[in-house]
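Undergrad: Provided herewith is a single structure, encoded as structure tokens, for subsequent inquiry.
Just so it is clear, none of the values below were taken in a lab; they were calculated from the coordinates. Computed from a predicted model, the values in this text were never measured in an experiment. Cβ sites come from the backbone with ideal geometry, for glycine too, and all protein chains shown count toward neighbours.
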Amino acid sequence: MNNEERYDFVIVGGGPNGTALAAYLAKSGESVCVLEERPESGGGCENTEPIPGVRLDPHATVFYAGAAPGLEQLELWKYGFHMAWSPTFGRPELASQVREATQQMGVITTEGRSPITDKDLLGYAKIAGQLGDPPFTRELLRACYYCPPHPPEVEVTAANIPYMQVYKERSPDMWTEELLDMTMFELMDEYLETEPFKVMWGVVAWYSGASPEWEGVAIPALAGCLALQYTGVSVPWGGMHAYFHSIIRCAMAHGAVVRTICPVDEIIIREGRAVGVRLRDTAAWGEKTIWANKAVVSAVDIQQTFLKLIGPQHLDVGFIQRIKDISLKGSSIYVTHYLFRAPLRFRPKFQLPALGDAGKYIPPAVPMGPRDSRELYYEHIMDINARKGSPSIPPELALWEPGSPNEGPPRCTLPNRWLLTPVYLIVPPPEYHVDGPDAMAREKDKWDAYMLKAISTQIENAEDDLVQMWSNPPWESEYRNVGLIGGGWYATRMCKDQLWTNRPLPEFSRYRSPIDGLYFCHQTSGHPGGLCLMAIPYNLMHILIEDGLVEPGDWWYPSPWY
């Protein structure tokens, strides 16, 4: 056993952010040690097999990182990463067939399927950059997510916000300073036509980050939809944990050390500088002190970082209070999965029209909560943002969201069995639930029945042919996976006062902390937050390079908007 362990960088937390940063640093020639509390790394990129032959994603299930520079820079295909592409992805010659099938499928409402008009599709394509010559959706996503906040001495204006620059250059007829004050609903009211189509995308934005009714985040909210849509709603082959496997293989292939069952008890501060970490006595590794020559990086949530791993003796009282005041009122998710003995059958009013050959070019149809109107949406979000209680609306009106279609390797290999997985319902974070943090867990049977009833509204054989059901209330998700603060995937609110140069606090929005040698790399502590994988590590690399700590090779390229 070594008497002293030293690395250039010590990273606390082995989720997708911490491990992707380790891959970047190791490829740059730095020595890196990643310390993970759980028996396995991966954070929310997790797959499970509750019974043989059934594979579930308890948390993340779709791939929001299609525009990430890290796919190219880290060469993840060398380490086992590949996608289970939607049959239409990258095939513009199928555009007319996809358009025809999409319009025929329509949007699910309480009355059946609402048609999608030409103005809906063309308007959405317009704001999404898909009608550009060439299309600029990737550039728009990179401008929204894959660019560090500007330095504090730079005044943020409509002229230098990255996504505003993209619109001005690539779609000048769309550019207006009013975009900076709009809600996503207001943006859609200008370009789209039918209410259910607008609500459908509004719900996707809500589940993905910034809510469509929040002022000043119209384009960040739209970006949440685009990040999902950019890859054709495709998924990594083998699920999100397979994606993570490619990240950790990349990191280790370049020399990074990853240690599990190594919870950190303390970030060591000497003379105002982070110099290493001390492991808990229960850590599986013998040497309990690990030193950092260059920096310690916290890839755990910001409140735990300062309130537990550092402590008040190293921090100003006012700063500690500001950390405590950071809102964790982002939404949580109630996750369910269903195994059936027969294929799902839509009730008559929800049945698909005869799609003909066009049906080959779109993902399989899945049920989803009704998208009638934004009034229904507002009623649902009142439970989360105002009442802070369990769902009060009837299950047939609940705005639940299905996960990805079953592309790639079969998630169910059992004979004569069919799987619907995952199904999400947004609920209040447990810490803010009016009836206590375990409120939904205490009534798990009730809410499982609620979700089954919601699905049965559209699927006539859901109750009769159900074989088994699995679920995770938010509190269980948080206990299962310590990185999912509040049992959700973005933890803090994605509103204007907690995005980009304001996340987590204006003076620390560039991944630096008030302690020298301590940097942030977690969804609660830096732009853009959760879901958009590889964004925070990529953005942090700019800062580490700027601070003279890293010199990557020619494979690296910075954001053009930084």
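Undergrad: Counting only residues 5 or more places away or on other chains, whose amide H sits under 5 Å from the amide H of Ile268 once H atoms are built in the peptide plane?
TA: Those qualifying (amide H under 5 Å, at least 5 residues apart or on another chain) are Val275, Gly276, Val277, Arg278.
Undergrad: Within 10 Å, count the other beta carbons around each residue, average over each peptide in 100-108, 271-279, and list them highest first.
TA: Ranking the peptides 100-108, 271-279 by packing returns 100-108, 271-279.
Undergrad: Would you grab the residues whose amide H sits under 5 Å from the one on Val34? Only those 5+ places off in sequence or on another chain, please, with H modelled 1.01 Å from N.
TA: Residues meeting the amide H criterion: Ile11, Val257, Val258, Arg259.
Undergrad: Return the loop-located GluC sites (Glu not before Pro) in the range 164-270 (DSSP other than H, G, I, E, B) with at most 13 other Cβ atoms within 10 Å of their own Cβ; answer none if there are none. Present the calculation step by step, with values, prior to reporting the outcome.
TA: Working: sites: Glu169, Glu177, Glu178, Glu186, Glu190, Glu193, Glu213, Glu215, Glu266; in loops: Glu193, Glu213, Glu215.
Those that pass, being in a loop and sparsely packed, are Glu215.
Undergrad: Starting from 0.36 nm per residue, how many nanometres of slack lie between Ile261 and Leu307 once their C-alpha separation is accounted for? Walk me through the numbers on the way to the answer.
TA: On the way: separation 46, 0.36 × 46 = 16.56 nm, distance 2.14 nm.
Taking 0.36 nm per residue and subtracting the Cα distance, the gain is 14.4 nm.
Undergrad: For the peptides 121-130, 371-380, what is the packing order when you average, over each peptide's residues, the other Cβ atoms within 10 Å and list the highest mean first?
TA: Top to bottom by mean Cβ count within 10 Å: 121-130, 371-380.
Undergrad: Continuing with this model, one more query. Can you list the HN-Hα couplings for the range 107-116, worked out from phi with the Karplus curve (6.51, -1.76, 1.60; θ = phi - 60°), rounded to whole Hz and with x for Gly and Pro?
TA: Calculated HN-Hα couplings, in order: 10, 6, 10, 5, 9, x, 9, 7, x, 9 Hz.
Undergrad: Ranking Glu49, Glu443, Glu37 by Cβ neighbours within 10 Å, fewest first, what do you get? Please list the in-between numbers first.
TA: Details: Glu49 10, Glu443 15, Glu37 20.
Listed from fewest to most nearby Cβ atoms, that is Glu49, Glu443, Glu37.
Undergrad: Now, a different point. How big is the range 149-228 in terms of Cα radius of gyration and Dmax, in angstroms?
TA: Looking at the range 149-228, its Cα Rg and Dmax stand at 13.1, 43 Å.
Undergrad: A follow-up question, please. Apply the Karplus parameterisation 6.51 cos²θ - 1.76 cosθ + 1.60, with θ equal to phi minus 60°, to every residue of the range 377-386 and state each ³J(HN,Hα) to the nearest whole Hz, in sequence, with x for glycine and proline.
TA: Values, residue by residue: 4, 4, 4, 5, 6, 4, 4, 7, 8, 10 Hz.
Undergrad: Another question about this same structure. Here is the link list: Lys294/Lys496; Lys324/Lys496; Lys126/Lys349; Lys27/Lys294; Lys388/Lys453. Which ones come out longer than 24 Å on Cα distance?
TA: Among Lys294/Lys496; Lys324/Lys496; Lys126/Lys349; Lys27/Lys294; Lys388/Lys453, the Cα-Cα distance tops 24 Å for Lys294/Lys496; Lys126/Lys349.
Undergrad: Same structure, new question: Output ³J(HN,Hα) for the range 214-229: one whole-Hz value per residue in order, computed from phi by the Karplus curve 6.51 cos²θ - 1.76 cosθ + 1.60 with θ = phi - 60°, and x for Gly and Pro.
TA: Here the 3J(HN,Hα) series is 7, 6, x, 10, 4, 6, x, 5, 4, 4, x, 5, 5, 4, 6, 7 Hz.
Undergrad: Which order do Lys446, Lys294 fall in if you start with the one that has the fewest other Cβ atoms within 10 Å? All intermediate terms of the calculation are to be shown ahead of the outcome.
TA: Numbers: Lys446 10, Lys294 20.
Fewest-to-most Cβ neighbours within 10 Å comes out as Lys446, Lys294.
Undergrad: Helix-derived [θ] at 222 nm for the chain: sum -39500 (n - 2.57) over DSSP H runs of at least 4, divide by residue count, nearest 500?
TA: Counting only the DSSP helices, I get -8000 deg cm²/dmol.
Undergrad: If you don't mind, there's one more thing I want to ask. For the range 194-233, would you read off the P(r) tail past 16 Å as a percentage of all alpha carbon pairs?
TA: Numbers: 221 of 780 pairs.
Result: 28 percent of Cα pairs exceed 16 Å.
Undergrad: Follow-up. Nothing charged except the Cβ atoms of Lys and Arg (+1) and of Asp and Glu (-1): what's the magnitude of the dipole of the chain about its Cα centre? Round to the nearest 20 debye.
TA: Using Cβ point charges on Lys, Arg, Asp and Glu, the chain gives about 1020 debye.
Undergrad: Also: What relative contact order, as a whole-number percentage, does the chain give when Cα pairs under 8 Å and 6 or more residues apart are counted?
TA: This gives 24 percent for the chain.
Undergrad: As a test, work out the antiparallel percent of DSSP beta bridges whose residues both lie in the chain, rounded to the nearest 5.
TA: Roughly 65 percent of the DSSP beta bridges within the chain come out antiparallel.
Undergrad: Next question. So how far apart, in nm, are the two label points at Lys444 and Asp547 if each is 7 Å from Cα heading toward Cβ?
TA: About 4.1 nm, to one decimal.
Undergrad: Given (i) 76, 59, 54; (ii) 70, 53, 46; (iii) 70, 59, 44 as candidate values of Cα extents along the principal axes in Å, which corresponds to the one derived from the coordinates?
TA: Read-out from the structure maps to (ii).
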